[in-house]
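The numbers here are math on the coordinates, done by the rules we state, and not lab data. Remember, it's a predicted structure, so these values are computed and weren't measured experimentally. Cβ placement follows ideal geometry from the backbone for every residue including glycine, while neighbour counts extend to all protein chains displayed.
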């Protein structure tokens, strides 16, 4: 029997498979290591199903083009890495303000600046949160293996279409380039969300930016019967620029609340041996693989280790982390940066002094041995 | 339809200063669209940031008021996603050719069917009168208090060199010509650029002692001439008006449709 749905592929390819499964129609991008395979593959795959691929002149243009395409009703995505992600920040803010569904993949490499393009890092966690200017909420999702890359990509599209918001898929170089097995789920196995369309009839005044009671905004596609204005300025219910303090206040609250009021729906995580864990490891992305290995290799020796693997990084699941860490003696955040998620964990837990960092910031993947050595130090066992 | 039927009166009064040329360009554009008999639902107007870019808010089409300089990139996404829509992209000179210069040349190179209208008033008006890439050597601006030492682009030459397949120029004085040119530009299948010389009496005019709006429009009459006229031979400083290039070249979105056909055939076998 030919098993077409079992693949041995890179994480970047798993992301492509997930995006196509989710119904991607339009991709605009610019070559950059280590995300380029996503663009290459989609240039091949998208037109096979009538979708559109375009290589733009830079990442600013790529981000702009997907926003334009999304307004016509397409499911859209772009993919990049650090420097390109920096260039996308202004248009990312536009997508937040104008409430345009879109998915942005950042396969992280080392920075700042050109940094270390072919090596791994998780240094863009805060950039994903606060890279664009102004107050806002944002959704950022990650994964540590290809099955999860596939599923979180589908989830990203669903969240993006549900809440009319950009969603950042924050993978990293190891996940992007590592090869492992992916089993592509059958059609219908994973739920797919289509954005809410307005039921307002032609000729009736349509208010594109008047949220329903549940905070959702039914959309009308460009080219349809409702003609309205879309802008990055604060705007009224018609989408027309406004500096009325009530409107400005109301819109900013809406943009933040629609995400923060739905943390539970947006949050995805995995847990291993947490119920009786004395040492709770918290990790995400590729570093969670090493953390996972430490937990599973030490448990048989009676060491009460557990792992909380975060998939949703933003909005940060403070309540979840507090609850899962409530009984821990030590909390060790495993990540490949200077402690970006560690800071959030410290803000979340009741005893921030119990939170430690196990990290690497040298472009080299953090190994189980690295984590074990740091655990010994934390426990006062020496190296 | 009457021109009024294309306007969102709800959003008036507009933000433009008395004497500004942008309203004239908008009027001309709406007349051109009206004469083509297009449905308002088929038209998407995409603009960037600046005085000129506010045009999109006032007209009753699908309108997308984007980021400074990025209008053509947003428009590229709309157009490629829905090629049956007509895209009109009004931009200011700074918007189109300073911050948006890269998108301008690349949209031209792709020959994607967008109509770019460069409303050239030689100044950043919204921020209060700084020099633009079209202000020109020797002009004055709030950021060139001694004199401007930047040379300016020639929008027409730049657009042609970058590959635009329809390139024209007119002025707010020559509204009949402008309307005709805009009509042809919209009909043209491919990337079209129309540069419109438009007056900013508030900043460019005041800083450079060019008088009021009427004086500035009269200078458009005086300082321009139809392409290839005898006057141009006698006085090379005159700026030419008219259609500089209008040629057929496969358009980007129709080329992409061919890619889809090829990909689908390959996929089936």
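Things worth noting here:
- Counting only other chain Cβ atoms within 10 Å of each residue's Cβ, the peptide A:41-48 averages 4.
- Percent antiparallel among DSSP beta bridges (both partners in chain B, rounded to 5): 20 percent
- Rounded to whole Å, the principal axis extents of the Cα atoms in the protein assembly as shown read 95, 61, 47, largest first.
- A helix-only calculation puts chain A at -11000 deg cm²/dmol for mean residue ellipticity at 222 nm, using -39500 (n - 2.57) for each DSSP H run of at least four residues, averaged over all residues.
- Distance between region A:318-332 and region A:87-163 - C-alpha centres, whole angstrom: 25 Å
- Compactness of region A:225-287, expressed as Rg and Dmax over alpha-carbon positions, Å: 20.5, 60
- Listed from fewest to most Cβ neighbours within 10 Å, the set A:309, A:344, B:84 follows the order B:84, A:344, A:309.
- Packing-based exposure ordering (other Cβ within 10 Å, fewest first) of B:166, B:104, A:53, B:220: B:220, A:53, B:166, B:104
- Spatial separation of Cα centroids for region B:138-167 and region A:59-78, in angstrom: 30 Å
- Hydrodynamic analysis of region A:271-378 uses the Kirkwood radius over alpha carbon pairs. Inserted into Stokes-Einstein at 37 °C and 0.692 mPa s, it gives a translational diffusion coefficient of 244 µm²/s.
- Counts of other chain beta carbons within 10 angstrom of each beta carbon in peptide A:226-237 average 5.
- Test item: A:20-29 mean partner chain Cβ contacts at 10 Å: 1
- FRET efficiency for residue A:6 and residue A:44, using Cβ-Cβ distance with R0 set to 25 Å, rounded to 0.05: 0.80
- In terms of overall dimensions, the C-alpha atoms belonging to region B:50-123 reach 34, 30, 16 Å along their principal axes, ordered largest to smallest.
- Sites residue B:161 and residue B:39 - FRET efficiency at Förster radius 30 Å, r taken between beta-carbons, to 0.05: 0.30
- Residue A:276/residue B:262 FRET efficiency (R0 51 Å; Cβ-Cβ; nearest 0.05): 0.30
- Packing here is the average count of other Cβ atoms within 10 Å per residue, and on that basis the peptides A:238-249, B:47-58, highest first, run B:47-58, A:238-249.
- Sorting A:324-337, B:89-102, A:271-284, B:126-139 by their mean Cβ neighbour count within 10 Å, with the most densely packed peptide first, gives B:89-102, A:324-337, A:271-284, B:126-139.
- Of the residues A:259, A:60, the one with the fewest other Cβ atoms within 10 Å heads the list, and the complete ranking is A:259, A:60.
- Beta bridge orientation in chain A: antiparallel %, DSSP, nearest 5: 30 percent
- Note on residue A:118 and residue A:322: the model spin-label points, each 7 Å out from Cα along the C-beta direction, lie 4.6 nm apart.
- Region A:185-306 pair-distance distribution - Cα-Cα, 10 Å bins, rounded %: 10, 25, 21, 17, 15, 10, 2, 0
- The distance between label points at residue B:187 and residue A:338 comes to 6.2 nm (points 7 Å beyond Cα on the Cα→Cβ vector).
- Choice from A:349, A:16, A:200 with maximal GNM fluctuation in chain A (Cα, 10 Å cutoff): A:200
- For region A:323-383: rounded, prolate or oblate by the Cα gyration tensor [a/c cutoff 1.5]: oblate
- DSSP beta bridges confined to the protein assembly as shown are antiparallel in about 25 percent of cases.
- Average silhouette area of region B:3-268, convex hull of alpha-carbon atoms, in square nanometres: 14.8 nm²
- With 20 Å bins beginning at zero, the pair-distance distribution over Cα atoms of chain A amounts to 29, 55, 15, 1 %.
- Cα gyration tensor category, rounded, prolate or oblate, for region A:97-215 with a/c compared to 1.5: oblate
- Extension gain, residue A:252 to residue A:190: 0.36 nm times the residue separation minus the Cα-Cα distance gives 19.1 nm.
- Region B:104-125 and region A:294-317 have Cα centres spaced 54 Å apart.
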